[in-house]
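Below is one structure; the comments refer to it alone.
Nothing in this text is a laboratory measurement; each read-out follows from the coordinates by a stated rule. In this text the structure is predicted, and so the values were computed from the model without any measurement. Ideal geometry is used to build each Cβ from the backbone, glycine not excepted, and the neighbour counts take in all protein chains shown.
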Amino acid sequence: MGRYTDSLQDLSFDLYPDDDDFEQKLAEVAGQFRPFDVALTAFLVENGMIGETASADEIVEFITGRFKAAGIEPPRHRKKWFSEHKSIKRDTAFDLCFALGLSLDQAEDFFRRVCLERGFDGHDMKEIVFRYAIRKGLSYAQAKEILGQIPVVKAENKIGNGEVVYTEMIQSEVDEMDSEEELIAYLTESAEGFGYNNATATRFIRTLWEEIAGEDGLAEKERRDHHVTYEEDTENYGKADGRMRVRTPKGDSLWEVYLQILGLSYIDMKKVGTDRSLKPILVDKDFMPHLAEDSFPDRDGLNKILNGEHLSHERVRKILILLAFYRYWAKLLVETGDYEVRGGELTRCEHMINNYLVDAGYPTLYIGNPYDWLILYSLANSDVPLMTFRGFMQELYTRTIEETA
């Protein structure tokens, strides 16, 4: 997929917030992101499974044949992947990995670049078995046979207060196993540790949030030392002298800090018909791809993670990326007194975010993922990445106000 990512990078490097045609160029970038069927086709071509000129009907026929050969029921709506650009459910994605005979590296790549999701969840017993089976070259039927020999674990709504077994520990142990009997014994004995997921990411997010929003945390220091603060009833919201005017935090501090991270502290959300959600400024924007809008970090999701509640993988991943991104640049601001990049900071920030993601079992930043693109664009195209990201969010708000006026 080199040509695809190279094209996105080229467009991004020619995109500056001060350009007169900035919105038009953003819309052009948004139009470049590929739906599932196009990404799947490219993946199949890249791995030598079909020719570059294969039609949609020929690809459907190929996929159907591979499913039947693997003894797996073909997906009912496979034609709609192409005719209606439908994406697929996670269970179907695993079935497709077995049907296509993917290696473990190929399967991880398939989830990262085609499905735009995490790969195998180390806290899901079924996915642990699938990971083992694909690594060992077992068939779908053999994987199902293993699943029939392990206990069924009831999913917990919250991460408990007891000892937590983290994803990296589970995958490390399972990846060293060479026999099905060893795997079955391990999963049976450790079953109680599989009632929840995203435990590592939850730990990271709680730690980051405490550093950001805790007493005398990074957000408070940024407000105090680098912002002009006004009372909530002041009409002078906006920017002044290069610093952002913000409301004095009142009531829901999580919401206030969340808005500050996004660069929206100065706005009145009631003007867009809500006071606790960003959804009105995210939907139906030609330069905000649906896949970036989907599961976009939100107050409700952050609150649930802090309370240990279950959320989708992608929702957790995006919140983790946002907090890690903000923490890096806010910490640099507190240490240096300004938002500007020093030598090597851009690369260090990207590596830091990727380290969080890998340790939590998520795919690294990928420019073909629209949400990841927004972070990578902010890093690659500016001396002030945090302010570039905030400028994008402010553009969404401004467009919404103009549309509702």
Where nothing but the Cβ of Lys and Arg (+1) and of Asp and Glu (-1) is charged, how large is the charge dipole of the chain around its Cα centre, in debye to the nearest 20?
780
Per residue convex hull volume, Cα atoms of the range 1-147, in Å³:
129
Relative contact order (%) - the range 1-80, alpha-carbon pairs under 8 angstrom, separation at least six
20
Where does the chain land at 222 nm, in deg cm²/dmol rounded to the nearest 500, when only DSSP H runs of n ≥ 4 count, each adding -39500 (n - 2.57), divided by all residues?
-17000 deg cm²/dmol
Using the Karplus equation 6.51 cos²θ - 1.76 cosθ + 1.60 (θ = phi - 60°), what ³J(HN,Hα) coupling, rounded to whole Hz, does each residue of the range 126-139 give in order, writing x for Gly and Pro?
4, 6, 5, 5, 4, 4, 4, 4, 5, 4, 8, x, 7, 7
Sort largest first and round to whole Å: the equivalent ellipsoid semi-axes of the chain, each the square root of five times a Cα gyration tensor eigenvalue.
40, 27, 18
Taking the C-alpha atoms of the range 57-129, how large are the radius of gyration and the largest Cα-Cα span, Dmax, in Å?
12.4, 37
Along the range 213-224, Karplus-curve 3J(HN,Hα) (6.51, -1.76, 1.60; θ = phi - 60°) to the nearest Hz, with x for Gly and Pro, reads 10, x, 4, 6, x, 4, 5, 5, 5, 5, 4, 6
In this structure, among Lys89/Lys331; Lys144/Lys304; Lys279/Lys304; Lys279/Lys318; Lys86/Lys154, pairs with alpha-carbon gaps over 27 Å are Lys89/Lys331; Lys144/Lys304; Lys86/Lys154
Residues of type aspartates and glutamates that Lys68 reaches as a straight line, Cα spacing below 15 Å, ignoring anything fewer than 8 places off in the same chain:
Asp95
Counting Lys +1, Arg +1, Asp -1, Glu -1, what net charge surrounds Gln142 among other residues with beta carbon under 11 Å of its beta carbon?
0
Let me check against my output: what whole-number percent is the relative contact order of the range 1-137, with C-alpha pairs under 8 Å and at least 6 apart?
20
Given the options Ser277, Leu376, Tyr362, identify the residue whose Cα lies farthest towards the positive end of the charge dipole of the chain (+1 on Cβ of Lys, Arg; -1 on Cβ of Asp, Glu).
Ser277
Here, the range 1-86 modelled as identical Cα point scatterers in vacuum has Debye log10 I(q)/I(0) at q = 0.15, 0.19 Å⁻¹ of -0.68, -0.89
Let me check I have the definition right: for the range 364-405, take the eigenvalues of the Cα gyration tensor, multiply each by 5, take square roots. What are those semi-axes in whole Å, largest first?
23, 13, 5
Would you mind getting the Kirkwood hydrodynamic radius of the range 295-405 from its Cα pairs, rounded to one decimal in Å?
15.1
Ranked highest first by the average count of other Cβ atoms within 10 Å around their residues, in what order do 65-76, 35-46, 182-193 fall?
35-46, 182-193, 65-76
Classify the range 328-385 from the C-alpha gyration tensor, please: rounded if a/c falls under 1.5, else prolate or oblate depending on whether a/b exceeds b/c.
oblate
Positive-end residue, the chain charge dipole about Cα centroid, Cβ charges, pick of Trp81, Leu100, Ala213
Trp81
Under the Karplus curve 6.51 cos²θ - 1.76 cosθ + 1.60, θ = phi - 60°, whole-Hz ³J(HN,Hα) for the range 72-83, x wherever Gly or Pro sits
10, 5, x, x, 4, 9, 4, 5, 6, 4, 9, 6
Charge dipole (the chain, unit charges on Cβ, about Cα centre) - positive-most of Thr202, Gln24, Ala56:
Ala56
Treat each spin label as a single point 7 Å out from the Cα along the C-beta direction, and report the Asn307 to Val384 distance in nm.
3.7
So what is the relative contact order of the chain, in percent, for Cα pairs below 8 Å that sit 6 or more residues apart?
19
Report Rg(Cα)/(2.2 N^0.38 Å) for the range 61-211, keeping two decimals.
1.14
